[in-house]
Amino acid sequence: MFNLQEITYKVIAGLFKLLGLIPRKTAFKLGNFIGRILFLFDKKHRKIALNNLTRSFGREKGSYEIKALARSVFKNFSQILFEIGWSFRLNSKDFNKHFCINGLSNFKAAFEKGKGVLFLTAHIGNWELLPVIGAMTGRNINIVFRPLDFLPLDTIFINTRTRFGAKLIPARHSMRKILSSLKKGEGVVILLDQNVDWYEGVFVDFFGARACTNKGLALLALKTEAPVIPVFLVREGLGFKAKFCREVPLIKTEDKTKDIEANTQQYNRVIESIIRQYPDQWFWVHQRWKTKPYCQWPRKI
């Protein structure tokens, strides 16, 4: 009996493997070309990207610059597809040829505290290859993720993320597993740059507008006092650079509500800072400001 999901998985995995066989320089050119095509025909996400970029850079850049930047965003996304295929045949002995690490002293200092480490990251560069950096450091790394609705593709991403030793923690009901990982002195990676519903987050500034941001990282930091270290994997030419930034200082007073907001605001500032350095590499097609502040207080009828 045919298993449609299994067949679909094999077909998609095969396509990724084919992409991975293309030489890197050729793949880079193809990725740019496909990105341009997507920008022309994907009207929905083009509009989202242009709106987001205008909201964020409208006072700094003209419409021509913003359109060019949006086009580059689509190119970046296309590169990710080729790079995932390329990672299928990537060996650990080749890591140093393609990846470099900045700020390793920040990484080591955080683990020396003995409380585990909370890694703050975002959908920038090629975040899917962050497990490679975990393998290069020799530390046990856990990644909090949201499973995809499309099972065959979700299985491919799970295999890609765990191939080099990273462990995955599904975002739903993740608190116990995260606390357990930190207690064992491991690292936990949390992406914090996506919109959430009002009951999951707090509204803090992001590019000059209030964005509903998941409060989970702040809650974890306040509860465990594990250091929060920002890490981002950005593309430089045909290679990648991991940036481990300085620890984000914990704000802890007797007002838990204000502490959650203050710490989450700090995290947003860090993410905004890296995006400003690499604006073409962030996932601008996401509706980051979708949840509106007034939704936090349901009206009584």
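Just so you know, all these numbers are worked out from the coordinates, no wet-lab data involved. Treat the numbers as computed from the prediction; the structure is a model and nothing was measured. Here Cβ is always computed from backbone atoms with ideal geometry, including for glycine, and neighbour counts include all displayed protein chains.
Here are some notes:
- Residues in segment 212-225 carry Karplus couplings, in order, of 6, 10, 3, 8, x, 5, 4, 4, 5, 5, 5, 6, 9, 6 Hz; the curve used is 6.51 cos²θ - 1.76 cosθ + 1.60 with θ = phi - 60°, and Gly or Pro positions show x.
- For the pair E60 and D154, the difference between a 0.36 nm per residue extended length and the Cα-Cα distance amounts to 30.0 nm.
- Taking a straight Cα-Cα cut-off under 19 Å and skipping sequence neighbours fewer than 8 places away in the same chain, the lysines within cross-link reach of K113 are K183, K184, K223, K252.
- DSSP bridge pairs, segment 4-294: antiparallel proportion in percent, nearest 5: 40 percent
- The label-point distance for K93 and K44, in a model that sets each label 7 Å from Cα toward Cβ, rounds to 4.6 nm.
- Evaluated with a Cβ-only charge set (Lys, Arg +1; Asp, Glu -1), segment 109-236 carries a dipole of roughly 520 debye about its Cα centre, given to the nearest 20.
- A dipole drawn for segment 4-294 from +1 and -1 charges on Cβ atoms has a positive end, and of P249, N32, N159 the residue lying farthest that way is N32.
- Helix-only arithmetic for the chain: the sum of -39500 (n - 2.57) across DSSP H runs with n ≥ 4, divided by the residue total, places the mean residue ellipticity at 222 nm at -15500 deg cm²/dmol.
- Summing Lys and Arg as +1 and Asp and Glu as -1 over all other residues whose Cβ lies under 11 Å from the Cβ of N142 gives a net charge of +4.
- Dipole moment magnitude, nearest 20 debye, segment 185-301 about Cα centre, only Lys, Arg, Asp, Glu C-beta charged: 340 debye
- Computed label-point distance, nm, for sites F33 and E236 using a 7 Å Cα→Cβ extension: 2.9 nm
- Dipole size of the chain about its Cα centre, with +1 on Lys/Arg Cβ and -1 on Asp/Glu Cβ: approximately 360 debye, rounded to the nearest 20.
- Top of K167, K243, K256 by mean-square fluctuation, Gaussian network on the chain, Cα under 10 Å: K256
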